[in-house]
1. Within segment 96-121, take every residue that is over 14 Å from the mean Cα position of the chain (by Cα) and without any contact (Cβ under 8 Å) to a residue 12 or more places away in the chain and give me the one that is farthest from Arg165 (Cα to Cα).
2. Residue under question is Glu168, and the condition is that it be modelled with pLDDT of 90 or more, in contact with a helix residue (DSSP H, G or I) (Cβ under 9 Å, 6 or more places away or on another chain), over 23 Å from Asp79 (Cα atoms) and not hydrophobic (A, V, I, L, M, F, W, C); does it hold?
3. What number of residues in segment 85-110 are assigned to a helix (DSSP H, G or I) and either touching a His at 6+ places or on another chain (Cβ under 8 Å) or under 18 Å from Cys131 (Cα atoms) (or both)?
4. Starting from residues that are of a type in the set (A, V, I, L, M, F, W, C) and buried (at least 18 other Cβ atoms within 10 Å of the Cβ), keep the ones in segment 29-44 and report whichever is modelled with the highest pLDDT.
5. Tell me, which residue of segment 133-160 that is loosely packed, with under 14 Cβ neighbours inside 10 Å and out of contact with any Cys (no Cβ under 9 Å at 6 or more places or on another chain) is modelled with the lowest pLDDT?
6. Taking the condition surrounded by fewer than 17 Cβ atoms within 10 Å (Cβ to Cβ) and either touching a helix residue (DSSP H, G or I) at 6+ places or on another chain (Cβ under 7 Å) or aliphatic (A, V, I, L, M) (or both), does Thr106 pass?
7. What do you reckon, is Val124 crowded, with 16+ Cβ neighbours inside 10 Å, under 14 Å from Ala90 (Cβ atoms) and touching a residue at least 40 places away in the same chain (Cβ under 8 Å)?
8. Looking for whichever is among the hydrophobic types (A, V, I, L, M, F, W, C), free of Cβ contacts under 8 Å to residues at least 60 places away in the same chain and surrounded by fewer than 17 Cβ atoms within 10 Å (Cβ to Cβ) here; the options are Ala90, Ala70, Ala86. Which one fits?
Amino acid sequence: MDARGTNARRVSIEPPRFDRPEVEVRASTRRTKTGAAHWSGSRIVVQIPARLRGRERRDFVDELVERLVAQRPQHAAGDGALEERARVLAELYNDGVEPASVRWVTNQRTRWASCSPSTREIRVSSRLRQCPEWVIDAVLVHELAHLHEADHSAAFYEIARRHPRQYECGLFLEGYALGLGLRIEETDVDAS
């Protein structure tokens, strides 16, 4: 307890690394030996004893984060894994037309993903990391379709709808945005 008779707690944020998402570390005087970790959106929250310092603290946090990420491996998947996934989906649903690059990004505030047909680059919001794999796959197929058709024409949707769960994905993302309290201007995935 601190001087006011309350339990002291320090919070620090570790930025995302290539191998794991953003981590919020909460050091509490109430904890003496054990720690805990849980997902909060796309961030991992780790609760540790306040007495831990330096290397002991880093090791303790790293172990809890690794255990949690192992339960949901798509969260730790880096750009390389996402790009490989897109290449497989391109072969299955996009006539083998592949992007130049695919990567996770943290700066997409009003859309789930985007494609630049001129550079053949696909960027996927890191908010999708916690979604089921079929949702991420449907979003990737949608963006891959932009490599054929830049706009949302009938020809575009003919390609995008090759993924069997495209409609379900649109519904999922509408609910997901609502649950996160996000205002996505354009879901960029067809739910009609």
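The values are calculated or read from the model by the stated rules, or taken from the named source; none is laboratory data. For clarity, every value in this text was computed on a predicted model and none was experimentally measured. Heads up, the Cβs are rebuilt from the backbone with ideal geometry, glycines too, and the neighbour counts pull from every protein chain shown.
1. At the first step, the residues of segment 96-121 found to be over 14 Å from the mean Cα position of the chain (by Cα) are 96-101, 110, 114-121.
Adding the requirement that they be without any contact (Cβ under 8 Å) to a residue 12 or more places away in the chain leaves 96, 116, 118.
Values: Gly96: 20, Ser116: 23, Ser118: 27 Å.
If we take residues in segment 96-121 being over 14 Å from the mean Cα position of the chain (by Cα) and without any contact (Cβ under 8 Å) to a residue 12 or more places away in the chain, then Ser118 is farthest from Arg165 (Cα to Cα).
2. Against the criterion (modelled with pLDDT of 90 or more, in contact with a helix residue (DSSP H, G or I) (Cβ under 9 Å, 6 or more places away or on another chain), over 23 Å from Asp79 (Cα atoms) and not hydrophobic (A, V, I, L, M, F, W, C)), Glu168 qualifies.
3. The total comes to 4.
4. Per the stated criteria, the residue is Ala37.
5. Step one: list which residues in segment 133-160 are loosely packed, with under 14 Cβ neighbours inside 10 Å, which gives 133, 150-151, 153-155, 158.
Cutting the leftovers down to out of contact with any Cys (no Cβ under 9 Å at 6 or more places or on another chain) gives us 133, 151, 153-155, 158.
Numbers: Glu133: 89, Asp151: 92, Ser153: 93, Ala154: 94, Ala155: 94, Glu158: 95.
The qualifying residue modelled with the lowest pLDDT is Glu133.
6. Yes; evaluated as a whole, the condition is true for this residue.
7. Numbers: crowded, with 16+ Cβ neighbours inside 10 Å: yes; under 14 Å from Ala90 (Cβ atoms): no; touching a residue at least 40 places away in the same chain (Cβ under 8 Å): yes.
Considered against the rule, which asks whether it is crowded, with 16+ Cβ neighbours inside 10 Å, under 14 Å from Ala90 (Cβ atoms) and touching a residue at least 40 places away in the same chain (Cβ under 8 Å), Val124 comes out as no.
8. Details: Ala90 fails: surrounded by fewer than 17 Cβ atoms within 10 Å (Cβ to Cβ); Ala86 fails: surrounded by fewer than 17 Cβ atoms within 10 Å (Cβ to Cβ).
The unique qualifying residue is Ala70.
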